[in-house]
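Novice: Starting off with a structure, shown below.
The values are calculated or read from the model by the stated rules, or taken from the named source; none is laboratory data. Worth saying up front: this structure is predicted, and the values here are computed from it rather than measured. Backbone-built Cβ (ideal geometry, glycine too); neighbour counts: all protein chains shown.
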Amino acid sequence: MIDIDNVLILMQKELRDARRNRWLLLYAAAFAVLSLALAWLALAGMGNYGLAGFGRTGASLINLILMIVPLMGLTLGALSLAGEREKGTLVYLLAQPISKVELLLGKFIGLSLALLAALGMGFGLTGLLIAASAGGTDVRAYLMLVALTFVLAVASLSLGFLISAAVQHSATAVGIALFLWLLLVFLGDLGVMGTAVVLRLKVNELFALALTNPLQLFKIAAILNIRENLELLGPAGVYAMRTYGQALLPVLAGFLLLWVLIPLAIAQQIFKRRGVL
């Protein structure tokens with residue numbers, strides 16, 4: 001039985017610790033600066049043609065999100081349990097009247113909120129810049145992009161927690177997280193195209209392969225949100241639109257949510273079964 005009060009107390013502790021987390025502060029500042037710079041460049045380049053707005057300018061942020069946000073979630077998650085274990089504070093925490101599940105959930109929820117707050121600051125400043133320069137057109141598309149980014153961030157954090165639960169040392173956990181980040185990035189467009197050529201995949205198999213990568217799930221959903229079609233992605237995009245139609249965006253969001261729940265559930269089982277050290 002999970003004690004919600006214990007989870008909330010641990011969540012508050014994690015939020016307090018996050019304010020002193022140099023990695024989180026550095027990531028938040030880097031994301032804010034880069035998103036503002038990209039938005040300014042997009043507005044400067046497209047404003048002359050009357051194309052500027054939340055939706056069009058938000059499209060320029062997709063590649064930045066794909067590079068920065070998974071890196072943030074994976075590394076912060078990897079340092080969570082492994083860092084506490086290495087410092088010896090994990091033994092102290094579990095000596096309290098709390099369960100391992102409560103500790104895991106409290107840390108995950110607290111770190112998720114801290115990560116979303118860091119991203120929200122960058123999106124908020126960028127949104128103010130776009131609104132001041134281009135007005136409030138396509139604000140719904142921008143808000144949906146923010147929501148999809150939040151889900152991607154929490155999914156990456158969940159994968160980081162899985163690594164942290166399975167590995168003893170923080171340096172090892174961060175190394176695995178960085179390798180996984182590179183693997184997911186590589187298995188994006190370039191990896192999918194290469195695999196399709198080598199294995200001669202059919203268009204439905206190519207789309208199914210894309211669904212196994214959370215970064216590709218986010219990218220497809222983000223493009224669909226802004227353009228309302230996937231012709232930009234070629235035959236696989238056309239196949240997806242013809243097969244799922246208006247239900248495609250909820251389907252993609254549902255698969256992305258699975259990347260939050262499944263790694264966290266596996267991390268919970270590993271953390272419950274292994275020793276503190």
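Novice: Within 21 Å of THR75 (Cβ to Cβ), hydrophobic (A, V, I, L, M, F, W, C), out of contact with any strand residue (DSSP E or B) (no Cβ under 7 Å at 6 or more places or on another chain) and surrounded by 20 or more Cβ atoms within 10 Å (Cβ to Cβ), is that true of LEU111?
Specialist: It is true that LEU111 is within 21 Å of THR75 (Cβ to Cβ), hydrophobic (A, V, I, L, M, F, W, C), out of contact with any strand residue (DSSP E or B) (no Cβ under 7 Å at 6 or more places or on another chain) and surrounded by 20 or more Cβ atoms within 10 Å (Cβ to Cβ).
Novice: For the structure I just gave you, tell me whether ARG242 is of a type in the set (D, E, K, R), farther than 21 Å from MET67 by Cβ and modelled with pLDDT under 85.
Specialist: yes
Novice: Report the residue count in the range 1-16 for those that are in contact (Cβ under 8 Å) with a residue 12 or more places away in the chain and part of a helix (DSSP H, G or I).
Specialist: Final tally of qualifying residues: 10.
Novice: State yes or no: is ALA155 out of contact with any Asp or Glu (no Cβ under 8 Å at 6 or more places or on another chain) and touching a residue at least 40 places away in the same chain (Cβ under 8 Å)?
Specialist: Against the criterion (out of contact with any Asp or Glu (no Cβ under 8 Å at 6 or more places or on another chain) and touching a residue at least 40 places away in the same chain (Cβ under 8 Å)), ALA155 qualifies.
Novice: In addition: Being among the small types (Gly, Ala, Ser) and buried (at least 18 other Cβ atoms within 10 Å of the Cβ) is the filter here; which residues of the range 236-252 pass it?
Specialist: Scanning the range 236-252 gives ALA236, GLY237, ALA240.
Novice: Assess whether MET72 counts as being buried (at least 22 other Cβ atoms within 10 Å of the Cβ) and in contact (Cβ under 8 Å) with a residue 24 or more places away in the chain.
Specialist: yes
Novice: Moving to a separate point now. Has the range 214-234 got any residue that is of a type outside the set (D, E, K, R), crowded, with 17+ Cβ neighbours inside 10 Å, over 20 Å from the mean Cα position of the chain (by Cα) and at pLDDT below 70?
Specialist: yes
Novice: Find the residue count for the range 172-196, including only residues that are at pLDDT below 90, assigned to a helix (DSSP H, G or I) and small (Gly, Ala, Ser).
Specialist: 3
Novice: Filtering the range 60-83 down to residues that are hydroxyl-bearing (Ser, Thr, Tyr) and closer than 17 Å to VAL154 by Cα, which residue is nearest to the chain's Cα centre (by Cα)?
Specialist: Ranking the qualifying residues of the range 60-83, first place goes to THR75.
Novice: Continuing with this model, one more query. Can you tell which of PHE161, PHE108, PHE123 is in contact with a Lys or Arg (Cβ under 9 Å, 6 or more places away or on another chain), part of a helix (DSSP H, G or I) and within 24 Å of LEU252 (Cβ to Cβ)?
Specialist: PHE161
Quick grid of which residues meet (1) within 13 Å of the chain's Cα centre (by Cα); (2) assigned to a helix (DSSP H, G or I); (3) at pLDDT below 95; (4) within 18 Å of MET67 (Cα to Cα):
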position: ILE98; (1), (2), (3), (4): no, no, yes, no
position: VAL101; (1), (2), (3), (4): no, yes, yes, no
position: SER133; (1), (2), (3), (4): no, yes, yes, no
position: TYR142; (1), (2), (3), (4): no, yes, yes, no
position: VAL154; (1), (2), (3), (4): yes, yes, no, yes
position: LEU157; (1), (2), (3), (4): yes, yes, no, yes
